[in-house]
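Written out below as C-alpha coordinates is the structure these notes cover.
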Amino acid sequence: MQMTIFTLPISMLLFFVLFFGIGFILNMLLRMSWVMAIIYPIISILIVDQVRFIEYFNNSKHAFTDLGTRLANLALADILILSSGLAGTIVAGITIKMLRNRGYRMF
(Lines give C-alpha, C1' and ligand atoms only; values in the text may rest on other atoms or scores of the structure.)
Protein backbone atom coordinates (compact mmCIF):
# COMPACT_ATOMS: atom_id res chain seq x y z
CA MET A 1 0.00 0.00 0.00
CA GLN A 2 1.38 3.38 -0.96
CA MET A 3 1.65 5.99 1.75
CA THR A 4 0.63 9.50 0.80
CA ILE A 5 2.47 12.64 1.80
CA PHE A 6 -0.32 13.42 4.29
CA THR A 7 -0.40 9.99 5.90
CA LEU A 8 3.30 9.81 6.77
CA PRO A 9 3.53 12.88 9.07
CA ILE A 10 0.25 11.98 10.76
CA SER A 11 1.46 8.42 11.37
CA MET A 12 4.78 9.68 12.69
CA LEU A 13 3.02 12.10 15.05
CA LEU A 14 0.64 9.39 16.26
CA PHE A 15 3.49 6.96 16.99
CA PHE A 16 5.45 9.70 18.76
CA VAL A 17 2.50 10.71 20.95
CA LEU A 18 1.42 7.12 21.59
CA PHE A 19 4.81 5.91 22.75
CA PHE A 20 5.55 9.16 24.60
CA GLY A 21 2.37 8.63 26.61
CA ILE A 22 2.99 4.95 27.26
CA GLY A 23 6.62 5.63 28.13
CA PHE A 24 5.73 8.53 30.43
CA ILE A 25 3.17 6.46 32.34
CA LEU A 26 5.47 3.43 32.65
CA ASN A 27 8.39 5.59 33.74
CA MET A 28 6.19 7.31 36.29
CA LEU A 29 4.71 4.10 37.72
CA LEU A 30 7.85 1.96 37.70
CA ARG A 31 10.21 4.82 38.72
CA MET A 32 12.67 3.81 36.02
CA SER A 33 13.38 6.59 33.55
CA TRP A 34 14.40 4.48 30.58
CA VAL A 35 12.20 1.38 30.88
CA MET A 36 10.18 2.04 27.72
CA ALA A 37 13.25 2.92 25.67
CA ILE A 38 14.59 -0.53 26.54
CA ILE A 39 11.30 -2.30 25.80
CA TYR A 40 10.58 -0.42 22.55
CA PRO A 41 12.92 -2.44 20.28
CA ILE A 42 11.10 -5.62 21.34
CA ILE A 43 7.76 -3.98 20.54
CA SER A 44 8.96 -2.82 17.14
CA ILE A 45 10.25 -6.33 16.35
CA LEU A 46 6.83 -7.70 17.23
CA ILE A 47 5.23 -5.10 14.95
CA VAL A 48 7.49 -5.95 12.00
CA ASP A 49 7.82 -9.71 12.35
CA GLN A 50 5.22 -12.24 11.23
CA VAL A 51 6.67 -15.19 13.17
CA ARG A 52 5.06 -16.32 16.40
CA PHE A 53 7.07 -15.52 19.54
CA ILE A 54 7.51 -19.19 20.46
CA GLU A 55 9.25 -19.81 17.12
CA TYR A 56 12.26 -17.82 18.37
CA PHE A 57 12.86 -20.69 20.80
CA ASN A 58 11.62 -23.69 18.78
CA ASN A 59 13.04 -22.82 15.35
CA SER A 60 15.36 -19.92 16.07
CA LYS A 61 17.41 -20.07 12.86
CA HIS A 62 14.36 -19.66 10.65
CA ALA A 63 12.81 -17.02 12.94
CA PHE A 64 15.90 -14.82 13.10
CA THR A 65 16.55 -15.21 9.37
CA ASP A 66 12.99 -14.12 8.63
CA LEU A 67 13.35 -11.20 11.06
CA GLY A 68 16.57 -10.06 9.38
CA THR A 69 14.93 -10.26 5.96
CA ARG A 70 11.90 -8.28 7.09
CA LEU A 71 14.03 -5.61 8.78
CA ALA A 72 16.20 -5.27 5.67
CA ASN A 73 13.12 -4.89 3.46
CA LEU A 74 11.43 -2.15 5.47
CA ALA A 75 10.40 0.87 3.46
CA LEU A 76 11.66 4.33 4.36
CA ALA A 77 8.20 5.31 5.61
CA ASP A 78 8.12 2.33 7.99
CA ILE A 79 11.57 3.19 9.31
CA LEU A 80 10.54 6.81 9.86
CA ILE A 81 7.36 5.80 11.69
CA LEU A 82 9.12 3.30 13.94
CA SER A 83 11.94 5.71 14.70
CA SER A 84 9.45 8.43 15.66
CA GLY A 85 8.03 5.98 18.21
CA LEU A 86 11.54 5.45 19.57
CA ALA A 87 12.00 9.21 19.73
CA GLY A 88 8.77 9.43 21.75
CA THR A 89 10.06 6.95 24.31
CA ILE A 90 13.38 8.78 24.59
CA VAL A 91 11.65 12.16 25.04
CA ALA A 92 9.43 10.59 27.72
CA GLY A 93 12.54 9.45 29.61
CA ILE A 94 14.11 12.90 29.32
CA THR A 95 10.88 14.54 30.48
CA ILE A 96 10.63 12.29 33.55
CA LYS A 97 14.28 12.98 34.41
CA MET A 98 13.75 16.74 34.11
CA LEU A 99 10.60 16.67 36.23
CA ARG A 100 12.30 14.64 38.96
CA ASN A 101 15.34 16.94 38.96
CA ARG A 102 13.07 19.94 39.40
CA GLY A 103 11.42 18.42 42.45
CA TYR A 104 8.20 16.97 41.10
CA ARG A 105 7.36 13.66 42.74
CA MET A 106 5.30 11.25 40.76
CA PHE A 107 3.72 8.41 42.72
message = Residue pairs, Cβ under 9 Å, 6 or more apart or interchain, first in segment 84-107 and on the phi > 0 side of the Ramachandran plot, second part of a helix (DSSP H, G or I). List them.
response = 107/28; 107/29
inquiry  = Please count how many residues of segment 1-45 are among the hydroxyl-bearing types (Ser, Thr, Tyr) and under 14 Å from residue 94 (Cα atoms).
reply    = 1
ask   = When you go through 63, 37 one by one, which is the residue that is modelled with pLDDT of 90 or more and either farther than 30 Å from residue 104 by Cβ or in contact with a Gly (Cβ under 8 Å, 6 or more places away or on another chain) (or both)?
value = 63
key: Candidate set from segment 22-52 (those that are surrounded by 12 or more Cβ atoms within 10 Å (Cβ to Cβ), free of Cβ contacts under 8 Å to residues at least 40 places away in the same chain and over 15 Å from the mean Cα position of the chain (by Cα)); member that is farthest from residue 72 (Cα to Cα)   = 32
request  = Give segment 95-107 a look and list any residue that's in a helix (DSSP H, G or I) and in contact with a helix residue (DSSP H, G or I) (Cβ under 8 Å, 6 or more places away or on another chain), or say none.
outcome  = 95, 96
ask   = Going through segment 49-94 one residue at a time, which ones are among the basic types (Lys, Arg) and outside any helix (DSSP H, G or I)?
value = 52
note = Restricting attention to segment 55-71, the residues that are surrounded by fewer than 15 Cβ atoms within 10 Å (Cβ to Cβ), over 15 Å from residue 41 (Cα atoms) and within 21 Å of the chain's Cα centre (by Cα) number exactly 1
ask   = Among the residues of segment 80-87, is any at pLDDT 90 or above, of a type in the set (Val, Ile, Thr), exposed (fewer than 14 other Cβ atoms within 10 Å of the Cβ) and out of contact with any Asp or Glu (no Cβ under 9 Å at 6 or more places or on another chain)?
value = no
Residue in segment 40-60 that is nearest to residue 15 (Cα to Cα), counting only those that are at pLDDT 90 or above and of a type in the set (S, T, N, Q) = 44
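The values are calculated or read from the model by the stated rules, or taken from the named source; none is laboratory data. As the structure is a computational prediction, the values presented were derived from the model and not from experiment. Every residue, glycine among them, receives a Cβ derived from its backbone with ideal geometry; neighbour counts consider all protein chains shown.
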